[in-house]
Amino acid sequence: MPQEFQNSLPPQSAQAHTVALPDHKFAAVRRFGGFMDDSNISAEISALKKSLNATAWDTHSVDYPLLYTAAAYNSPFEHENRVNEVMLWFD
């Protein structure tokens with residue numbers, strides 16, 4: 001937080017929205033590069049699930065088998081060294 005806002009927060013933008021975070025305690029995360037779209041999100045989720053097979057986390061998935069989060073960290077104008085992640089949540 002910038003020094004000028006240490007004692008009082010700046011006015012909130014009309015575009016800002018409260019985020020509801022999952023109540024789950026753990027996440028398995030897989031990082032990948034390139035541009036993210038529906039096809040490679042599915043492929044990365046499948047690869048993440050496969051990497052959890054025969055581990056202690058294999059049986060700890062949440063009740064909702066499709067509960068995942070996808071995160072893209074780069075601006076759409078950045079074409080190199082892109083960082084994306086998919087996360088599966090666990091209790």
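The values are calculated or read from the model by the stated rules, or taken from the named source; none is laboratory data. If you're wondering where the values come from, they're calculated on a predicted model, not measured in any experiment. As a convention, Cβ positions derive from the backbone with ideal geometry for all residues, glycine included, and neighbour counts pool all protein chains shown.
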Of the residues that make up the range 56-69, is at least one in a strand (DSSP E or B), surrounded by 10 or more Cβ atoms within 10 Å (Cβ to Cβ) and modelled with pLDDT of 85 or more? yes
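Okay, residues lined up against (1) part of a loop (DSSP other than H, G, I, E, B); (2) acidic (Asp, Glu); (3) touching a residue at least 12 places away in the same chain (Cβ under 8 Å):
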position: 8; (1), (2), (3): yes, no, no
position: 15; (1), (2), (3): yes, no, no
position: 18; (1), (2), (3): yes, no, no
position: 36; (1), (2), (3): yes, no, yes
position: 40; (1), (2), (3): no, no, no
position: 50; (1), (2), (3): no, no, no
Exception for residue 32 within (1) closer than 12 Å to residue 85 by Cα; (2) of a type in the set (Phe, Trp, Tyr); (3) free of Cβ contacts under 8 Å to residues at least 40 places away in the same chain falls at (3)
Checked 47, 27, 14 against criteria (at pLDDT below 90 and closer than 19 Å to residue 84 by Cβ); the one match is 27
